[in-house]
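J.: After the structure tokens below, expect a handful of questions from me.
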Amino acid sequence: MNESLHDVNGWVVGEVLASRAESHGDRICIRFAGGTELTYRDAERLGNQVARLLIDQGVAPGDNVALFMPNGLAFCLAWFGIAKAGAVMVAVNTEYKGAFLQHVLNNCQARVLICTAEYLERVVAIEAQVPDLELVLVPGFSESYRFQRLRCLPFEEYRQRPETTPGVPVSYRDTACIMYTSGTTGPSKGVLMPHAHLYLFGLGTIDNMQLTERDVFYIVLPLFHANALFMQLYATLIAGASAVIRERFSAGEWLNEVRRYGATITNMLGVVSAFVLNQPPTADDRDHHLRAIGVAPNPPELDGAFRERFGVQDVFGLYGMTEINIPLYTQAGVARPGSCGKTWDRYYELQIVDPETDLEVPRNRTGEIVVRPKLPFGFMSGYNRMPEKTVEAWRNFWFHTGDAARMDEEGYVYFVDRIKDCIRRRGENISSFEVESVIATHPSVADVAAVAVPSEIRGGEDEVKVVVVVKPDRVLQPEELIAFCEPRMPRFAVPRFVQFVASLPKTPTNKVQKHLLRGQVDDDTIWDRLCSN
């Protein structure tokens, strides 16, 4: 282990880029599926140019700059430049639109947005509702867009700026990023992520999955999430390795590209694993250099399938959240199908506790996962402009994850279920509150509850079910409700199942008893969008 990696004073994105440009200059840092390549020296000089463009537009240290774009060169350069300017990158999910997008931009109060042309229409639609936003930088911008108030400039103006470092002082304690994660009783929360928190995502991959400069990381997950951006890409930069980034995941191309680019390591979330394994087996499934896969969740059948079918040496179970980093990993050379792993105890403490008393439960007893860092700024510093949510999550000196698990006698943790009211689909956390808020605006809806039901696809994820009470004088068909949802919420949040009821079950304090609604979905009264289509 390289002990210099553990010097916190270097745990800053701009410092890592500068250091690697000096030590690995012309080595390929990132290769984009499709042909474009970026060396470590390129990353440093282009990042400096983007930083200077932002500074010229009035971006100061600590300012929030939003990114609304898919995986690609522009995303990476924007991240590098924002970090070097001492600003805060706000990663926006590219599925967001309408009220979802409006909430993120208003909560972070970004004055500058970097947005690809394909998403500009969504920004136009909410321009009047995002008063803090002033400037949109557009990669590939060619002509004035139809904004009433906002200024537009070509992102490529960075090419006219000097390539030298802007020299903005940045500390590992400073906020580097805000990522939004689903709320349960409210809208999505912006996670304030210090530079040290980002670095530990990468260092965890190096320490536990044994990433070295000889590795090639194949990245198929979206960069607006922490797994792809920090656990994979940032880990690559810290280690001096190479990354291959695909704009969108393709199960059919997965093995071909692993083979074509000589990938040695990759990560998967949820049903992505199942989609790969559902591809027809071929005689050359083991013809590749892939040695390690990080999987979350890690059901026993998936773990075994990757080892047996593809001959992957290590399938790493892991567990984490945007807020808490990745405190659990399985060990190299040790097969533990179904486990999230052991605590990465160099930097984190983890317990399984009784959710009512916060007291640690005996081994093999189910309780809630609680975590805390051993290092200051080792995970999130709070929720942006939501102090009450920060206090709610931090109780009795532990961060409460809302996830149920058990720990065996050897310290291996096994995920059991979610305690909190959250839905996870296609690798995305979905706020039931936000789904309900959109549907509640339909003129025929009197009341609504959104709940998770188990997906039939391997990977331990959910489908979205909504239970709807229609106003007495109205008629509402499931197809009409879905058509109402589609332009107003991300695709992954659009309900699959719809059930109409006379009333929702509630407690004496008028809280919906959602546990009574989750159940099965084979009832004749429940409409299935997939079957309908």
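J.: Give me the residue from the stretch 133-189 that is assigned to a loop (DSSP other than H, G, I, E, B) and among the basic types (Lys, Arg) and, out of that set, nearest to residue 52 (Cα to Cα).
T.: The selected residue is 161.
J.: When you scan the stretch 1-43, how many residues do you find that are touching a His at 6+ places or on another chain (Cβ under 6 Å) and of a type outside the set (Val, Ile, Thr)?
T.: Result for the stretch 1-43: 2.
J.: If you scan the stretch 1-47, which residues turn out to be within 22 Å of residue 207 (Cβ to Cβ), among the polar types (S, T, N, Q) and without any contact (Cβ under 8 Å) to a residue 40 or more places away in the chain?
T.: 2, 4, 19 - these are the residues of the stretch 1-47 that are within 22 Å of residue 207 (Cβ to Cβ), among the polar types (S, T, N, Q) and without any contact (Cβ under 8 Å) to a residue 40 or more places away in the chain.
This table checks each residue for (1) surrounded by fewer than 19 Cβ atoms within 10 Å (Cβ to Cβ); (2) outside any strand (DSSP E or B); (3) not β-branched (Val, Ile, Thr).
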| residue | (1), (2), (3) |
| --- | --- |
| 15 | yes, yes, yes |
| 23 | yes, yes, yes |
| 30 | no, no, no |
| 41 | yes, yes, yes |
| 47 | no, yes, yes |
| 50 | no, yes, no |
| 70 | yes, yes, yes |
| 77 | no, yes, yes |
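J.: Give me a count of the residues in the stretch 343-380 that are of a type in the set (D, E, K, R) and in contact (Cβ under 8 Å) with a residue 40 or more places away in the chain.
T.: Residues flagged as of a type in the set (D, E, K, R) and in contact (Cβ under 8 Å) with a residue 40 or more places away in the chain within the stretch 343-380 amount to 5.
J.: When you go through (1) within 29 Å of residue 360 (Cα to Cα); (2) assigned by TED's automatic domain parsing to the domain that holds residue 493 one by one for residue 414, which number turns out not to apply?
T.: (2)
J.: What number goes with the only condition from (1) modelled with pLDDT of 90 or more; (2) not in a loop (DSSP other than H, G, I, E, B) that residue 443 does not pass?
T.: Against the list (1) modelled with pLDDT of 90 or more; (2) not in a loop (DSSP other than H, G, I, E, B), residue 443 comes up short only on (2).
J.: Run residue 212 past the list (1) among the hydroxyl-bearing types (Ser, Thr, Tyr); (2) more than 19 Å from the chain's Cα centre (by Cα); (3) part of a helix (DSSP H, G or I) and report the number of the one that doesn't hold.
T.: The number of the failed condition is (3).
J.: Let me ask something else. Those residues that are touching a Lys or Arg at 6+ places or on another chain (Cβ under 6 Å) and among the basic types (Lys, Arg), I need them from the stretch 378-405; list them, please.
T.: 389
The values are calculated or read from the model by the stated rules, or taken from the named source; none is laboratory data. None of the values given here were measured: they were computed from a predicted structure. Every residue, glycine as well, gets a Cβ built from its backbone with ideal geometry; the counts of neighbours run over all protein chains shown.
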